[in-house]
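The values are calculated or read from the model by the stated rules, or taken from the named source; none is laboratory data. On a predicted model such as this, the values are computed, not experimentally measured, just so you know. Cβ sites come from the backbone with ideal geometry, for glycine too, and all protein chains shown count toward neighbours. We work out accessible area using only protein heavy atoms, side chains counted, and drop any ligands, DNA or RNA first. Shrake-Rupley method; radii C 1.70, N 1.55, O 1.52, S 1.80 Å.
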Amino acid sequence: MHTLVRKFSQRMSLKQAVGRCAYCTKKVIDIGQLTPVSHPQLLKEGEITAGISTEEYVSRRKKLLELIPEKSLTIIAAAPVKMMTDVVPYTFRQDADYLYITGCQQPGGIAVLGHECGFCMFMPEASPHDVIWQGQIAGVDAALQTFKADKAYPMRKLREILPDMMRGSSTLFHNVLTAIPAYMDLEHFQKAALLGNVKDVSRFTHELRLVKSPAELTLMRESAAIACQALLQTMLHSKTYPYESMLSAKFEYECKMRGAQRMAFNPVVGGGPNGSVIHYSRNDQKIKEGDLVLMDVGCELHGYVSDLTRTWPPCGRFSSPQEELYDLILQTNKECLELCKPGANIRQIHYHSVEILRKGFQEIGILKNSSSNSYHQLNPTSIGHYLGMDVHDCSSISYDRPLKPGVVITIEPGIYIPPSFDVPERFQGIGIRIEDEVLITDTGYEVLTGSIPKEVKQLESLLNNFGFGTATVASN
């Protein structure tokens with residue numbers, strides 16, 4: 001090992017150094033986000049964002065225009081910058097609809113789409129002070145050259161130009177979630193709102209986003225693969241480091257080392273009774289010997305997220321009560337996966353999961369009667385949701401919608417028993433969820449998270465034969 005380290009730490013010759021750095025002499029224009037020129041290791045020529053081509057963005061806008069009525073106008077603002085303190089912003093994440101239509105990953109812009117005006121962008125202007133402190137941003141030139149807008153203007157011209165676009169429109173569609181006064185305060189928008197002619201564009205954008213393109217599915221598979229690899233490493237870590245905070249940090253580290261930009265959501269790392277809190281997020285407790293840990297996690301890769309959950313005993317062995325409940329949840333997970341096919345819907349799958357779990361809870365002895373209220377105290381969640389650019393993707397689409405090839409959903413049965421719940425003591429404080437990502441295919445389904453173990457014997461073997469032991473601690 002020492003020889004290997006020495007080999008890689010040897011100094012390069014001047015000729016080698018010049019040869020490796022020669023590409024740096026070419027001036028690269030910075031537009032505030034990745035481009036094929038600035039980041040050739042991540043974007044191919046012809047892509048606006050990693051994995052998504054210019055042609056695909058143009059096609060998305062064309063399809064949106066086909067959905068919105070004639071003489072209507074669509075206005076989609078970028079996500080706002082959210083502040084953690086008066087001078088410290090949270091890490092920016094673009095609104096999914098704005099990103100889906102434009103490819104722009106930066107704040108401050110407004111996209112306008114209409115049958116008459118085509119694709120127009122209003123872009124922020126960076127002052128010299130802004131550039132010094134925050135760097136370059138995409139402006140009018142980037143809107144035309146990179147994002148392929150038909151027309152582009154600085155934001156300061158919005159009040160001069162947008163009213164003319166609105167004037168000939170019978171209906172205005174906009175993104176309610178990112179609506180801003182810059183256009184909402186305009187007289188024409190106010191009049192249209194009073195007449196009931198302002199509507200939410202998500203009914204159309206979510207329709208487009210529901211079925212993923214081949215390029216989108218490639219990114220979703222990669223995002224799922226990263227999350228699976230990261231969670232596997234975290235499982236191996238858990239026996240030696242049974243702390244919620246450390247497991248959360250380990251997962252995030254492993255995801256980012258594999259190329260993920262961020263977490264899809266704050267990791268849920270619930271040890272023992274904390275696992276019975278569905279969206280537990282404190283992640284500040286030590287996991288007691290013999291307790292389970294529930295980890296609901298996911299990452300984001302170039303705008304597409306993953307979402308999976310595994311539950312396991314860091315000590316390496318399930319207790320009898322834990323295994324009895326786990327087997328029921330695993331059985332439910334497997335049966336629900338088999339229902340995932342074109343024509344089925346999430347609500348049908350949910351009802352089937354309720355039947356399995358209700359019967360199982362009664363047989364185990366933790367559900368005394370079959371009333372709806374008693375069952376929902378143990379499992380108040382849906383069996384799954386749509387997944388894509390957002391964790392709960394396409395929220396305006398009903399769970400009654402028949403599934404189509406190219407739709408990605410989650411299947412996540414669980415049980416959540418608070419420590420004080422009226423059940424036999426051996427079951428109190430146990431929380432278990434097993435969540436997989438599922439792609440609907442022409443012939444059925446594909447489990448995108450199938451590489452991460454979920455069988456009891458697989459998990460126990462993994463933890464006892466491959467987990468990091470006490471020797472790791474001693475060597476540190």
Checklist entry - Residue check: is Met263 open to solvent by less than 20 Å² (accessible area, probe 1.4 Å), touching a strand residue (DSSP E or B) at 6+ places or on another chain (Cβ under 7 Å) and within 24 Å of Ala78 (Cα to Cα)? => result no
Next on the checklist: Going through Gly450, Gly444, Gly467, Gly429 one at a time, which residue ends up being in contact with a Lys or Arg (Cβ under 8 Å, 6 or more places away or on another chain), modelled with pLDDT of 95 or more and surrounded by 14 or more Cβ atoms within 10 Å (Cβ to Cβ)?
Outcome noted: Gly444
Checklist entry - Got a sec? Which of Leu367, Leu357, Leu339 is at pLDDT below 95 and either more than 20 Å from the chain's Cα centre (by Cα) or among the hydroxyl-bearing types (Ser, Thr, Tyr) (or both)? => result Leu367
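Please go through segment 371-397 and give me each residue that is open to solvent by 70 Å² or more (accessible area, probe 1.4 Å) and of a type in the set (S, T, N, Q), ordered by number.
Within segment 371-397, the subset open to solvent by 70 Å² or more (accessible area, probe 1.4 Å) is 373, 376-377, 380, 392, 395.
Hits for segment 371-397 are Asn373, Gln377, Ser395.
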Checklist outcome for this item: Expected single match for in a strand (DSSP E or B) and of a type in the set (Asp, Glu) among Asp296, Asp291 is Asp296
Checklist entry - Just checking, which of Lys368, Lys334, Lys288, Lys341 is within 30 Å of Met246 (Cα to Cα) and surrounded by fewer than 23 Cβ atoms within 10 Å (Cβ to Cβ)? => result Lys288
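To keep it simple, each residue is scored yes or no on (1) within 22 Å of Leu172 (Cβ to Cβ); (2) outside any loop (DSSP other than H, G, I, E, B); (3) of a type in the set (Val, Ile, Thr); (4) at pLDDT below 95.
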| residue | (1), (2), (3), (4) |
| --- | --- |
| Cys21 | no, yes, no, yes |
| Leu43 | no, no, no, no |
| Val87 | no, no, yes, yes |
| Ile101 | yes, yes, yes, no |
Checklist outcome for this item: Conditions (1) modelled with pLDDT of 95 or more; (2) more than 25 Å from Thr205 (Cβ to Cβ) -> Val473 fails only (1)
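Going by the structure shown, is Val423 assigned to a loop (DSSP other than H, G, I, E, B), open to solvent by 10 Å² or more (accessible area, probe 1.4 Å) and at pLDDT 95 or above?
Working: assigned to a loop (DSSP other than H, G, I, E, B): yes; open to solvent by 10 Å² or more (accessible area, probe 1.4 Å): yes; at pLDDT 95 or above: no.
Criteria not met by Val423.
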Next on the checklist: Any residue that is modelled with pLDDT of 95 or more, open to solvent by 20 Å² or more (accessible area, probe 1.4 Å) and more than 19 Å from Leu378 (Cα to Cα) - is there at least one of those in segment 303-311?
Outcome noted: no
Checklist entry - Of the residues that sit in segment 399-410 and are open to solvent by 10 Å² or more (accessible area, probe 1.4 Å) and in contact with a Lys or Arg (Cβ under 8 Å, 6 or more places away or on another chain), which one is nearest to Phe265 (Cα to Cα)? => result Tyr399
Next on the checklist: Condition check: open to solvent by less than 60 Å² (accessible area, probe 1.4 Å), assigned to a loop (DSSP other than H, G, I, E, B) and modelled with pLDDT of 95 or more. Does Phe173 satisfy that?
Outcome noted: no
Checklist outcome for this item: Taking segment 200-220 and keeping residues touching a helix residue (DSSP H, G or I) at 6+ places or on another chain (Cβ under 9 Å) and either open to solvent by less than 60 Å² (accessible area, probe 1.4 Å) or not in a helix (DSSP H, G or I) (or both) leaves Asp200, Val201, Ser202, Phe204, Thr205, His206, Leu208, Arg209, Lys212, Ser213, Ala215, Glu216
